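Working notes, beginning with the structure itself.
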Amino acid sequence: MKPFQFKQFSIQQSKTVFRVGTDGVLLGAASAVSNAKNILEVGTGSGLISLMLAQRNPQAEIHAIDLNENAVMLAKENFENSPFKNRLKVFLQDYKNFNSKEKYDLIVSNPPYFKENESEKDIIARQQTELSFEFLIEKSSDLLSEKGLLSVIIPFESGLLFEKYCNKKSLYLNNKIQIYGIRDSKPKRLLLEFGFQQKEADESELVIEKSPRKYTDEYLKLTEEFHQFSK
């Protein structure tokens, strides 16, 4: 498959690993990374999100895990070919069995959200049977530092349930971006960040396209340090 070229790094892709998509780009571009020294990405796939976070925070040390051996091999290749290779590590690891002595300032995940998927393509990356929202939240709450954040992008309709699970583990909404695929459409995704600190959440909206294949100024601004296209 053809590599996906960003301004400072490229992503080799594979038919056996979930490909570069808008959800990953949004999470990598919008997660609150500035105060994070130690970052964990759960379900790294090609390594895209970790690479974006490494670019945005030159001091961050990033661990990425995936239970797909092909994904781990691909992410390792992408990490080693990037300018950030000394700060990136990838592990073949199921989050269910993952343990760490250190706490993380930021845990990011583009989690699975289809409960059923009859096709074989992306079956691990996109089935809740492998990693449920509830378990993702429970495990992350144990691994976050005191001021750490859990940052995810999920379907719009899953937002209330995800927040409910987070509140059970004393994680509270800090930031919410409501994402629309195209102007005047229904909301498609939510980018949510939760932390142990209770505060009034920042809420905003983002429209990706003003018309088919025509990106909005706000999306171009958010991704301008990564994408190579113009307005």
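Per-residue packing, averaged as other Cβ atoms within 10 Å, sorts the ranges 135-141, 91-97, 202-208 into the order 135-141, 202-208, 91-97, beginning with the highest.
Site pair Ser34 and Leu220 shows an inter-label distance of 2.4 nm when each label is modelled 7 Å from Cα along Cα→Cβ.
For Lys139, a cut-off of 17 angstrom between C-alpha atoms picks up these aspartates and glutamates, skipping any fewer than 8 places away in its own chain: Glu41, Asp66, Asp94, Glu102, Asp105, Glu130, Glu163, Glu193.
Once Rh for the chain is found with the Kirkwood sum over Cα pairs, what is the Stokes-Einstein diffusion coefficient at 10 °C and 1.306 mPa s, in µm²/s? Translational D for this selection: 89 µm²/s.
Taking segment 126-231 on its own, what percent of its Cα-Cα pair distances exceed 22 Å? Intermediate results must be reported in sequence, preceding the final value.
On the way: 2260 of 5565 pairs.
For segment 126-231, the share of Cα pairs beyond 22 Å comes to 41 percent.
Spin-label pair Lys164-Phe98: with each label point 7 Å from Cα along the Cα-Cβ axis, the two points sit 2.6 nm from one another.
For segment 1-70, just run the numbers: alpha carbon Rg, then divide by 2.2 N^0.38 Å, N being how many residues it has.
Here the Cα radius of gyration is 1.08 times the empirical estimate.
No value in this document is a laboratory result; all are computed from the given coordinates. Computed from a predicted structure; not experimentally measured. Please note: Cβ atoms are built from the backbone with ideal geometry, for glycine as well, and neighbour counts cover all protein chains shown.
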